[in-house]
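The values are calculated or read from the model by the stated rules, or taken from the named source; none is laboratory data. What you see is a predicted model, and the numbers here were worked out from it, not measured in a lab. Cβ atoms come from the backbone with ideal geometry, glycine included; neighbour counts cover every protein chain shown. For the accessible areas, the whole protein counts, side chains as well, though only heavy atoms, and no ligand, DNA or RNA atoms are used. Shrake-Rupley method; radii C 1.70, N 1.55, O 1.52, S 1.80 Å.
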Amino acid sequence: MVKNTTISGNTAPAGTGGGISNLNNDAGSVKLDSSIVVKQLQGGDCVGTPPTSLGYNIDSDNTCNLTAIGDQPGADPLLGALALNAPGTTETMALLTNSPAIDKIPNGANGCGTTVTTDQRGVSRPQNALCDIGAYEVELPNMPTSTATDTATATPTDTATPTPTDTPRNTPTNTPADTATATPTDTATATSTPTNTATDTPTNTATPTPTDTATNTPTNTPTDTATKTATNTATTTPTKTATNTPTKTPTRTPTKTPTPRVKCADVDRNGVVTANDALQISLRIGLKKGDPGYRDRYDLNGDGKVTTTGAALAWSQLGRHCRNDDD
């Protein structure tokens with residue numbers, strides 16, 4: 001059994017197999033499980049009777065008879081150079097960005113997350129909802145998080161503006177009267193002199209209305225001679241006085257600008273955003289609507305493609321609970 005193994009860059013004499021050799025032609029004696037056998041320097045990936053594939057394997061020269069579920073015959077897994085990759089203590093070949101070996105084994109399949117819980121370096125499997133093929137498990141990247149801040153907005157208020165109104169006041173007026181002269185006689189003549197009488201006319205302050213006031217002047221008439229004298233009568237005349245009346249001054253009221261809705265990053269639909277969800281989105285950066293592997297759920301900002309901005313939003317939503325009503 002060759003399980004969760006990476007075999008690459010080996011050399012063997014021609015016909016003896018650089019990767020896996022089964023020259024005894026014993027069918028079924030070698031089983032290949034979740035492994036990478038690619039790019040041998042000499043001798044080919046598989047020689048002799050091909051191994052029995054248990055699924056999720058990769059070869060580069062179509063010699064390993066990979067026909068089971070998840071197999072990728074004749075593929076390039078994009079391996080890094082043999083190196084001491086932390087935190088391991090033995091050399092491994094890292095899976096580079098966009099490697100077809102990343103996130104290919106479902107949780108529970110071929111022991112992913114159950115009997116196989118670490119890679120060769122001791123890194124836990126799976127890092128995402130899916131395990132990687134071979135001996136190396138890609139760790140979750142450190143993604144930036146965004147912090148929301150509050151912004152204060154101004155609220156307009158009404159301001160009263162004074163408006164003049166009319167207020168009446170008294171103005172004296174002269175009213176002429178006829179004067180009659182009698183011819184004196186030998187008898188004494190008594191002359192009566194009327195007095196000035198001021199008459200106030202009430203007015204309404206709210207709506208001033210000028211009015212004409214008629215004034216009657218009483219006179220005393222003697223027995224033989226009566227003399228009439230014109231008198232001045234004060235008449236109240238309303239005048240206009242400005243008063244302050246508040247008026248409303250139009251002000252601008254700020255309106256809210258709608259913000260595009262950002263989808264929940266719970267791509268595995270378990271009800272909460274986890275690091276596994278964020279990594280799935282990060283691994284699909286660059287995919288556009290219509291590309292193989294693109295799903296609307298990976299496009300958080302709804303612009304038709306998976307971007308680094310959407311990946312950053314996913315990392316900022318860690319721990320968020322979702323209704324799972326978006327695709």
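Summary table below
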{"item": "Where region 260-327 is the region considered: accessible area per residue in Å², 1.4 Å probe", "result": "50 Å²"}
{"item": "Amide H within-cut-off set for ASP103, under 5 Å, with H built and near neighbours excluded", "result": "ASP132, ILE133"}
{"item": "Distant-in-sequence amide H partners of ILE7 (H built 1.01 Å from N, under 5 Å)", "result": "ILE36, VAL37, VAL38"}
{"item": "Accessible area (Å², per residue) of region 24-63, counting only protein heavy atoms and a probe of 1.4 Å", "result": "40 Å²"}
{"item": "Separation of the ARG320 and ASP303 label points, Cα + 7 Å toward Cβ, nm", "result": "1.7 nm"}
{"item": "Accessible surface ranking that places the most exposed of SER21, SER35 first, with a 1.4 angstrom probe", "result": "SER21, SER35"}
{"item": "DSSP bridge pairs, region 1-105: antiparallel proportion in percent, nearest 5", "result": "20 percent"}
{"item": "Accessible surface, 1.4 Å probe, highest first, among residues VAL138, VAL123", "result": "VAL138, VAL123"}
{"item": "Residues with amide H under 5 Å from that of SER21, placed H, sequence gap 5 or more", "result": "VAL47"}
{"item": "Cross-link table LYS39/LYS289; LYS3/LYS289; LYS263/LYS289; LYS39/LYS288; LYS3/LYS288, entries beyond 24 Å C-alpha to C-alpha", "result": "LYS39/LYS289; LYS3/LYS289; LYS39/LYS288; LYS3/LYS288"}
{"item": "Extension gain, ALA14 back to ALA68 (0.36 nm per residue minus Cα-Cα distance, nm)", "result": "16.7 nm"}
{"item": "Tensor-based shape of region 1-69 (alpha-carbon gyration tensor, a/c under 1.5 rounded, otherwise prolate or oblate)", "result": "oblate"}
{"item": "Accessible carbon and sulfur surface of region 24-104 relative to its total accessible area, %, 1.4 Å", "result": "53 percent"}
